[in-house]
Amino acid sequence: MEKPKYKRIVLKLSGEALAGEQGYGIDPTVIQSIAQQIKEIVSLDVEVAIIVGGGNIWRGMAGSAKGMDRATADYMGMLATVMNSLALQDSLENIDVPTRVQTSIEMRQVAEPYIRRKAIRHLEKNRVVIFAGGTGNPYFSTDTTAALRAAEIEAEVILMAKNKVDGVYSADPSIDANAKKYDTLTYLDVLKEGLAVMDSTASSLCMDNDIPLIVFSIMEEGNIKRAVLGENIGTIVRGN
């Protein structure tokens, strides 16, 4: 059996990744493919926690930019992450992967409330745990949620699966043909150069807690497993 490099991981999925080619909503084919890739790493006895964004349904920043109250717009974005999380849970359980959704905003009829010790117990029992609803507070992104939950559950790494790029670049590669892809970076590099990896709050939290980050493309089948096995894909960001 293949030996994974990491025992406990946080997988950060962008909401847009679930939309596929349609660019909005949830593409069943895409979410099933992601679920299958997650099943592959669960079968290696890797403990998997997941944070899903909500950008395929609603973006709080976009609503705020159009005059909506920022806190209200952000709460709507948190609800979008719950919808994505329930869809991913359904896909995983359809292929016999036990999954629990925990929300930072209580909605007991559809998911458990977030309780750190309970989440860790689920992971120890080889259940996938999906953290929905962001941090439960406006003004914080799901990137910050990933960093916070990774620190809380003592995850060894955050895997950031992107749908448009295969790593971290010096500029947007779809606009700048001379954009340089980085193999390795430090969080200080990310903060100093203003690289669009994760927001500054999330980067600082990862740096302070020495949590490495691997940024890679979700669009290539099997990349989640490659990252867990320690293969050199995408870009790795470390504390120093």
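Just so you know, all these numbers are worked out from the coordinates, no wet-lab data involved. Quantities reported herein were computed from a predicted structural model and do not represent experimental measurements. Note that each Cβ is placed from the backbone with ideal geometry, even for glycine, and that neighbours are counted across all protein chains shown.
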> Which whole-number percentage describes the relative contact order of region 8-238, with Cα contacts under 8 Å and a sequence gap of 6 or more?
Replying inline: 22 percent
> What is the spread of the Cα atoms of region 1-95 along each of their three principal axes, largest first, in whole Å?
Replying inline: 54, 25, 19
> Size of the dipole of region 74-188 about the Cα centre, Lys and Arg at +1 and Asp and Glu at -1 on the beta carbon, nothing else charged, in debye to 20?
Replying inline: 280 debye
> Length gain on complete extension for the stretch Asn240 to Ser174, per 0.36 nm per residue less the alpha carbon to alpha carbon distance?
Replying inline: 20.9 nm
> Dipole size in debye (nearest 20) for the chain around its Cα centre, Lys and Arg Cβ +1, Asp and Glu Cβ -1?
Replying inline: 480 debye
> Considering only Met198, Tyr114, Val215, whose Cα is most displaced toward the positive end of the charge dipole of the chain, charges sitting on Cβ of Lys, Arg (+1) and Asp, Glu (-1)?
Replying inline: Tyr114
> Over what distance in Å are the Cα centres of region 1-76 and region 157-183 separated?
Replying inline: 18 Å
> How much of the calculated P(r) for region 8-238 lies past 33 Å, in percent of all Cα pairs?
Replying inline: 10 percent
>> Quick check: residue separation of Asn137 and Glu2 times 0.36 nm, minus the Cα distance between them. What number comes out in nm?
In response: 44.6 nm
>> Longer than 30 Å from Cα to Cα, which of Lys7/Lys162; Lys118/Lys225; Lys125/Lys192; Lys125/Lys180; Lys3/Lys180 are they? Say none if no pair is.
In response: Lys125/Lys192; Lys125/Lys180; Lys3/Lys180
